[in-house]
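A.B. asks: Below is a structure I'd like to ask you about.
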Amino acid sequence: MSTSPDPREGLSPSPANILDIFTGDEDEDDDVDSYHPTEEQSTDASGLEDDSDADFADAQETLNGIEIVFEGEDDEGEDEDEDNETETEENGAATGTRTTTQVTANDIRGLLSASAPLRQLILSRYRLLGPNGRDLFADDDDDDEDYGYGGHTRRRRGQRPKPKGERFPKVPSEAGKALMNSGIYGHRDTHLDIRRKRRRNVSERLLWRRLGLEPRSSMRRQNALIAQDHVPDSTTADKIIHYDSRAYSGQFSDDGNFFFSCTQNFKVRMYDTSNPYEWKYYKTVDYPFGQWTITDATLSPDNKYLAYSSIRHTVCLAPTDPTDHSEHTLLDFTNFAPGSGMGRQTYGYMGRHGFGIWSLRFSGDGREIVAGTSDHSVVVYDLERRQSTVRLSNHEDDVNAVCFGDKLSPHILYSGSDDQTLRVWDRRSMADGRPAGIFVGHTEGLTYVDSKGDGRYVLSNGKEQMMKLWDLRKMISPNEFSRIDMHSYTTNFDYRFSAYDEDDYVPNPKDCSVVTFRGHSVLKTLIRCHFSPPGSSNSRYVYSGSEDGKVYIWNMDGTLKQKIDVYEATKLTRPRHDGNEMAYGYEMHGHHNSVWKTCVRDASWSPTAPVLAATSWNGWGMATGTVSLHSWNDGAEDDEALPAMSSNYNARLDAREDFNSAMRRARNRDERNSPTSTRSRAEGRGLRSSVVRPARLGDDDGGGGGGGGAW
């Protein structure tokens, strides 16, 4: 992954000087009204390569104005031969006409304005293409550039006027409060302890449940209240599973008996989590000939099959039975059935035939898989027919996330795209190829979509650093959407390389979301968000990963319920040795690999216990990955049970005692140092790890117990 070269590198100063005049009005800040040259400033244009018939004379620097010289030959001069012209020029005789006009700097700026022919002429003659096909000399409206994975160029543009009034939704949200009181998202504790004139705490609820003295209906209510009071709150992880490449996703099954994780070295690990506190390793499957990473995986409703994808049009379908060693099945999503809506030849990632798949979901009956693709479409694959039966091509950009709206019905689909919209599809009424409705409110691309499974509520994460809750009854029609200019509210923010500037946020007045959640960081990768499960949390909360190394848990009114610091829980849990790391990412250059970093890309709340598994890019330079388990322990930093909290394991759940000892030494050393120890490490003065035998690149499934075995 190389950095994109500077498009101005190797050019003479003259085009740069001309470009400064071209883009002065649009690219500078709003407080710069005009440009007035001083005596020290020069408009020297020498050094321009002569690649056209026109000659550029250096402008003379004067106090009164700028001299522009127009030279041309008369009719008689055309008949003279080359020798006579040369001789005449050497003798100083004038064979052509010469006109001198004095103009001011403001006149120059007028000549080179956006609508002036002179500007268009110069741009057409000296427009050069950079290595990625971008224009070196940008037009005024060229605001969104395509960035490759190898690097980026910072975009310059003037600040947009801020709208009047409050731009961000009010917190707490009144609509969210109504949802919390409605019983859809948990129970409201309105009953007071008559004797103490206060609500019961968790200990009292457990006591009365144990005694069994209350009516059955009250017992069910108390059980629900106990569940929603047990929110994972431990910054100290119960256990930490390490991978030698970045971990991209990890999810529990709907019944909580199964967990899978996907890593960048194209491996999917499966674990038995029937006891959510004591996991057991199941098996590992691979994706052959993958592109960049495994983008997504989805488990069938009966837990028998796991489908997983890469940035290709082929999906792998593997059995989850640990005794079944058969090869995975390849599903070609470009094998379209007649009448499926396949209207044009598609070209996917990096111009290859087909498309890349960003997101996958099984239907509730396990017969179909829906996929979001890089060719702006949603594809539904029929597992019995082994063909794609539906193709929806209404989006204007990559479809990053898809899901079914109802676990009991395959008719409603949701799709979130980089075109800032969340679209609703009803497969019973798609004759015109248009969605049934559209959710508008995000001002940048969507990174993830999660359905509550009731056919009504859906959750989405956006690159403008907001998560939104939607109600199917409030979507807008395609006709109304066609009258909205979505480009007026977006900056086409590239979330991979820089922080989002809230000053750029302009709310969409047609925002139809119910509640907006803020505080987390949606940067570097497609951060995921979810509803909390009904069994272990009473569906009371929503939560999301974050680039700042935390998991954020919100109440439905937009207020923050809990924040789990995965960075603090996993910091220094792995020795620093460079031989084991897969240096794929955006941070693996310069001094960045000397600092421990964490980006929580995905999180999953167990349906059966107050346990949350955070899947992260983690480690030195954020080049490796972890799955860390965080449970409710009433705020305690440690417990008396074995194994000890913060124990480290490899991908096969073999304990890594060498990592545990290295972690303790590193943390003790860190405590003895000053609070600026993180800065000291970045400067190369801290944390030397013990020598361990490096594992093979990308092979973190090796055996070995407490020693330095392979991962």
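A.B. asks: Pull out all pairs, ordered by first then second residue, where Cβ-Cβ is under 6 Å, the residues are six or more apart or on different chains, the first lies in the stretch 222-250 and is free of Cβ contacts under 8 Å to residues at least 60 places away in the same chain, and the second is surrounded by fewer than 22 Cβ atoms within 10 Å (Cβ to Cβ).
C.D. replies: That search, which allows pairs on different chains as well, returns Gln222/Arg205; Gln222/Arg209; Ile226/Arg205; Asp229/Val202.
A.B. asks: Just need a number here: residues in the stretch 284-302 that are under 17 Å from Ser249 (Cα atoms) and either part of a loop (DSSP other than H, G, I, E, B) or polar (S, T, N, Q) (or both).
C.D. replies: Within the stretch 284-302, residues that are under 17 Å from Ser249 (Cα atoms) and either part of a loop (DSSP other than H, G, I, E, B) or polar (S, T, N, Q) (or both) number 9.
A.B. asks: Taking Lys267 and the conditions (1) under 30 Å from Asp365 (Cβ atoms); (2) charged (D, E, K, R); (3) modelled with pLDDT under 95; (4) buried (at least 23 other Cβ atoms within 10 Å of the Cβ), which numbered condition does it fall short on, given that it satisfies the others?
C.D. replies: If we test Lys267 against (1) under 30 Å from Asp365 (Cβ atoms); (2) charged (D, E, K, R); (3) modelled with pLDDT under 95; (4) buried (at least 23 other Cβ atoms within 10 Å of the Cβ), just (3) comes out false.
A.B. asks: Check the stretch 432-447 and report whether any residue there is closer than 30 Å to Ser604 by Cα and among the polar types (S, T, N, Q).
C.D. replies: Yes, the conditions are met somewhere in the stretch 432-447.
A.B. asks: Let me ask something else. Give the residues of the stretch 395-422 that are in a strand (DSSP E or B) and either out of contact with any strand residue (DSSP E or B) (no Cβ under 9 Å at 6 or more places or on another chain) or without any contact (Cβ under 8 Å) to a residue 40 or more places away in the chain (or both), sorted by residue number.
C.D. replies: Matches in the stretch 395-422: Ser409, His411.
A.B. asks: Collect the residues in the stretch 400-417 that are surrounded by fewer than 23 Cβ atoms within 10 Å (Cβ to Cβ) and closer than 18 Å to Ile438 by Cα, keeping them in residue-number order.
C.D. replies: Asp406, His411, Ile412
A.B. asks: Has the stretch 383-399 got any residue that is of a type in the set (Asp, Glu), surrounded by fewer than 19 Cβ atoms within 10 Å (Cβ to Cβ) and at pLDDT below 95?
C.D. replies: no
A.B. asks: Among (1) farther than 23 Å from His630 by Cβ; (2) at pLDDT below 95, there is one condition Cys316 misses while meeting the rest; what is its number?
C.D. replies: The single condition Cys316 does not satisfy is (2).
A.B. asks: Which of (1) at positive phi; (2) crowded, with 23+ Cβ neighbours inside 10 Å is the odd one out, the single condition Gly433 does not satisfy?
C.D. replies: (2)
A.B. asks: Kindly indicate the residue of the stretch 374-408 that is more than 18 Å from the chain's Cα centre (by Cα) and of a type in the set (Gly, Ala, Ser) and also farthest from Asp419 (Cα to Cα) among those meeting that condition.
C.D. replies: That would be Ser388.
A.B. asks: Could you tell me whether the stretch 453-461 includes any residue that is assigned to a loop (DSSP other than H, G, I, E, B) and out of contact with any helix residue (DSSP H, G or I) (no Cβ under 8 Å at 6 or more places or on another chain)?
C.D. replies: yes
A.B. asks: Also, quick follow-up: What is the residue count in the stretch 529-564 for residues that are outside any loop (DSSP other than H, G, I, E, B), within 21 Å of the chain's Cα centre (by Cα) and surrounded by fewer than 20 Cβ atoms within 10 Å (Cβ to Cβ)?
C.D. replies: Going through the stretch 529-564 one residue at a time, the tally reaches 1.
A.B. asks: State whether the residues of the stretch 248-256 include one that is farther than 20 Å from Lys280 by Cα, within 43 Å of the chain's Cα centre (by Cα), modelled with pLDDT of 75 or more and surrounded by 14 or more Cβ atoms within 10 Å (Cβ to Cβ).
C.D. replies: Yes, the stretch 248-256 contains a residue that is farther than 20 Å from Lys280 by Cα, within 43 Å of the chain's Cα centre (by Cα), modelled with pLDDT of 75 or more and surrounded by 14 or more Cβ atoms within 10 Å (Cβ to Cβ).
A.B. asks: Something else: Within the stretch 273-283, track down each residue that is part of a strand (DSSP E or B) and buried (at least 16 other Cβ atoms within 10 Å of the Cβ).
C.D. replies: Tyr281, Tyr282, Lys283
The values are calculated or read from the model by the stated rules, or taken from the named source; none is laboratory data. Since the structure is predicted, the reported quantities are computational estimates derived from the model, not experimental observations. All Cβ positions, glycine included, derive from the backbone under ideal geometry; neighbour counts span all protein chains shown.
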